[in-house]
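The values are calculated or read from the model by the stated rules, or taken from the named source; none is laboratory data. Not measured: the values here are computed from a predicted model. In this analysis, Cβ positions are derived from the backbone assuming ideal geometry, glycine residues included, and neighbour counts consider all displayed protein chains. Ligands, DNA and RNA are excluded from the accessible area calculation, which covers all protein heavy atoms including side chains. Shrake-Rupley method; radii C 1.70, N 1.55, O 1.52, S 1.80 Å.
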Amino acid sequence: MMIWQRSKFAMGLMAVAFVVSSGLGNWSLRAEDAPTWRYALRTGDVFAYEVTVSADRPDAQDQLSGVATYTVKAVTDQQVEVSFAGQLHRKETPKPSAKTGGPRPGFRGPGGPGGPRGPMFRNEAMTGLLWQTNEIKLTKTGSVVSIKGTSYLPYLLGNLSLLPFEAFPNEPKSSWQVDLGASIVESGSESRMPLHRFFGDDSDKEKRTSATETAKYDLDRKNGTVATVRRAYDLSTVKVDGKGAQFTLQTNGSLDFDLGRSLTTLAEFKGKFGAKEDNVSVEVPLVIKLRLMTDAERKQHEEKQKAELAERQAKLKELQTKNAEKLATPLTDAERKEIIKTLQTGRPANVIGTLMGLQKRDPASADKDVARAIKSLLEDKNGGVRRAATDAWGKWSMLLTTD
């Protein structure tokens, strides 16, 4: 598996990328007008962002959307500790050409030819598409000191939890550039999955391929406490001896940073993710948007989450009650026949699942044939089946003590 890793001194989120300066320039801004860029947050502050990502893949339109919520846990002279909670929900809409089958131009991933259908575009290992909590330590200028937990997003966008945080200079400046070293880490999985991996997560035994990152910032204008910044970002992996896949990420756009609140209030970036191997390549246009929610919107979102959680818990409790009632009910003749058929002729995964279910059932005197079917699997050639049968046999063997 290929995993994106930032250098040890990288600031957190070079991945959301806002690329190539537009040439509007900042000629009207004097050097003495340059702001002091800082995350001067306060302990107890709570804020949230509405985040959307749109990816126009050859096979489908990929829409990611959700809310990222932050609570400031502690603040020192040099660092800020924040707690993140959230996720992005994914909606993929297949394109008409992708429904007809047949080869489609695109990157040849492990899923075979025919466009970007491989793991790099699906949900495997994309922890940012599941509910996550991360604990993050930042310097006052936005450099990531440490991160506990992950919230990986597709297309080399890095951790969802780091999206709102920028790489600021130590001194007041209206233009600055950050050049970073990074690497692609290859682990044992056959899946090719480019992710942003924060430093310190990897074994020294893993193979690494270098990459370069450049982020350019230009102050465009100031309106009261709000500074509008254009950001240019470019990421490119470096092939080893001209071999292997190459990944790129390029985007451009702007963000509004409220110097009084020490937060980005609005951001929009457009660009593309690219993947190339041999003579096959794919480019995926991207649009990334962040909007700081009002306190009223954030609280409304939190109340909605609480209501949805309560509903899920109620449904889970109802399901658990029904399952408990079912487990306490003796097997019917039809159930008994279906279980025996599965144990005798089913696929290993189905056999194991059935055996695990039988571990929770209380055998009755009419279930001796089920016990015999379990016994026949104690020496099965499949190790998983043998272990599951042994576990179930501990309870069901009582029916055959006289056999």
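What to note about this one:
- With the whole protein complex present, THR141 retains an accessible surface near 20 Å², based on a 1.4 Å probe.
- Available extension along the chain between SER210 and ARG261 is 14.7 nm, counting 0.36 nm per residue and deducting the alpha carbon span.
- TRP393 contributes an accessible area of around 60 Å² to the protein surface, as traced by a 1.4 Å probe with all chains present.
- When the solvent-accessible area of the range 259-384 is split by element, carbon and sulfur atoms take up 51 percent of it, the probe being 1.4 Å.
- The stretch between GLU303 and ALA334 holds 6.6 nm of extra length on full extension. This uses 0.36 nm per residue minus the Cα-Cα distance.
- The phi torsions of the range 76-93, fed into the Karplus equation with coefficients 6.51, -1.76 and 1.60 and a -60° offset, translate into couplings of 10, 4, 10, 10, 10, 10, 10, 10, 10, 8, x, 6, 10, 8, 10, 10, 10, 10 Hz, rounded to whole numbers, with Gly and Pro shown as x.
- Length gained on full extension, LYS381 to VAL280: 32.2 nm, using 0.36 nm per residue less the C-alpha separation.
- Spread of Cα-to-Cα distances over 5 Å intervals beginning at zero, given as percent, for the range 332-403: 3, 19, 34, 27, 13, 4, 0
- Here r is the Cβ-Cβ distance between THR294 and ARG372 and R0 is 41 Å; the resulting FRET efficiency, rounded to 0.05, is 0.05.
- For ASP45, solvent-accessible area (1.4 Å; no DNA, RNA or ligand), Å²: 40 Å²
- Residue-normalised accessible area of the range 236-326, given per residue in Å² at a 1.4 Å probe: 61 Å²
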